[in-house]
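Trainee: Below is a structure I'd like to ask you about.
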Amino acid sequence: MTSADSTAIFTHSWSLYDLITEHNYMSHQEIYAGVEELLRLRTEQGHYRLLDLGCGNARYLAPCLQRWPPAIYQGVDLSEAALAEARSYLTELPSQVILTHGDLLTAVESTDQTWDVLFTGFAIHHLQPEDKARFFRAVGRCLSANGRLIMVDVVREENQSRESYLDGYLKFMRENWSKVPPEQLEEACAHVHDYDYPECLSTLQEMAAAAGLDCTRLISRHAQHYTLLFSRSAVAKI
């Protein structure tokens, strides 16, 4: 499976993701309120540089960035349609904005920049375990000394199989996503079934620690949707 395969549903129909988020089916409103608070706290420490991996159309992160703007924002995504929308959402951001069409793992492994904040929203669960480990190693390499990785993603329960997780999540989608047209709902369910490979929290912690990110904080949890903050153990705040 390639990253392009895993995001194909949104590459062709980004409006489906917007429909899901508009009805808050994945708790975006609560999640991004927490993300904004993390950015506020980071801004108190001075200027920061942010790399957004799998940025999509940046619809929910953009208001947070406008209130607590980074010195530089770079967003990376495989969907050209999403990036085109991101330009409009980020147009008033008082920062240098760079939008890059590409694969998030390639982007983080190849960056020659140092970043104070890396953000990724509902993207890393598409990677296979070995690629998740590569992701964390790359993050550990390119984060500044006091840098943070903010990860919003789906997470399995400890000792829960992928099959059990999928059964529960697909049931959640079919019972709760009532405003999504049936054909699109089944398309989304097929996408989740074929391309979602979430890890349990302990596995993510182990991968992060192996990359030098020894401190993991659970910022919020809304059912299967987690906000996690990874940093080096020497970092005293957030």
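Trainee: Just name the residue that is farthest from Met26 (Cα to Cα) out of those in region 180-208 that are in contact with a strand residue (DSSP E or B) (Cβ under 8 Å, 6 or more places away or on another chain) and crowded, with 16+ Cβ neighbours inside 10 Å.
Mentor: This residue is Ala208.
Trainee: Oh, and also: Could we say that Glu44 is without any contact (Cβ under 8 Å) to a residue 12 or more places away in the chain and either among the acidic types (Asp, Glu) or closer than 30 Å to Leu185 by Cα (or both) here?
Mentor: Against the criterion (without any contact (Cβ under 8 Å) to a residue 12 or more places away in the chain and either among the acidic types (Asp, Glu) or closer than 30 Å to Leu185 by Cα (or both)), Glu44 qualifies.
Trainee: A further question on this structure: Kindly provide the set of residues from region 129-144 that are farther than 19 Å from Leu39 by Cβ and either at pLDDT below 95 or surrounded by 14 or more Cβ atoms within 10 Å (Cβ to Cβ) (or both), ordered by number.
Mentor: Answer for region 129-144, where residues must be farther than 19 Å from Leu39 by Cβ and either at pLDDT below 95 or surrounded by 14 or more Cβ atoms within 10 Å (Cβ to Cβ) (or both): Asp131, Lys132, Ala133, Arg134, Phe135, Phe136, Arg137, Ala138, Gly140.
Trainee: State yes or no: is Leu170 among the aliphatic types (A, V, I, L, M), touching a helix residue (DSSP H, G or I) at 6+ places or on another chain (Cβ under 6 Å) and either over 25 Å from Ala33 (Cα atoms) or at pLDDT below 95 (or both)?
Mentor: yes
Trainee: Continuing with this model, one more query. Taking region 178-217, which residues are among the hydrophobic types (A, V, I, L, M, F, W, C) and under 25 Å from Glu163 (Cβ atoms)?
Mentor: Matches in region 178-217: Val180, Leu185, Ala188, Cys189, Ala190, Val192, Cys200, Leu201, Leu204, Met207.
Trainee: While we're looking at this one, here's another question. For region 153-179, which residues satisfy the criterion of being of a type in the set (Ser, Thr, Tyr) and surrounded by fewer than 15 Cβ atoms within 10 Å (Cβ to Cβ)?
Mentor: Ser161, Ser164, Ser178 - these are the residues of region 153-179 that are of a type in the set (Ser, Thr, Tyr) and surrounded by fewer than 15 Cβ atoms within 10 Å (Cβ to Cβ).
Trainee: Okay, next question. Tell me yes or no: at least one residue of region 202-211 is in contact with a Leu (Cβ under 6 Å, 6 or more places away or on another chain), closer than 30 Å to Thr114 by Cβ and of a type outside the set (Lys, Arg).
Mentor: For region 202-211, residues in contact with a Leu (Cβ under 6 Å, 6 or more places away or on another chain), closer than 30 Å to Thr114 by Cβ and of a type outside the set (Lys, Arg): absent.
Trainee: Applying the selection to region 145-157, what residues are over 16 Å from Leu39 (Cα atoms) and touching a helix residue (DSSP H, G or I) at 6+ places or on another chain (Cβ under 8 Å)?
Mentor: Asp153, Val154, Val155, Arg156, Glu157
Trainee: Now, a different point. Against the conditions (1) surrounded by fewer than 21 Cβ atoms within 10 Å (Cβ to Cβ); (2) over 15 Å from the mean Cα position of the chain (by Cα); (3) within 17 Å of Ser144 (Cα to Cα), where does Leu38 fall short? Just the number, please.
Mentor: The one condition Leu38 does not meet is (2).
Trainee: Any idea how many residues of region 209-238 are surrounded by fewer than 18 Cβ atoms within 10 Å (Cβ to Cβ), touching a helix residue (DSSP H, G or I) at 6+ places or on another chain (Cβ under 8 Å) and modelled with pLDDT under 95?
Mentor: 1
The values are calculated or read from the model by the stated rules, or taken from the named source; none is laboratory data. Because the structure is predicted, anything quoted here is derived from the model rather than measured. All Cβ positions, even for glycine, are placed from backbone atoms using ideal geometry, and neighbour counts span all protein chains on display.
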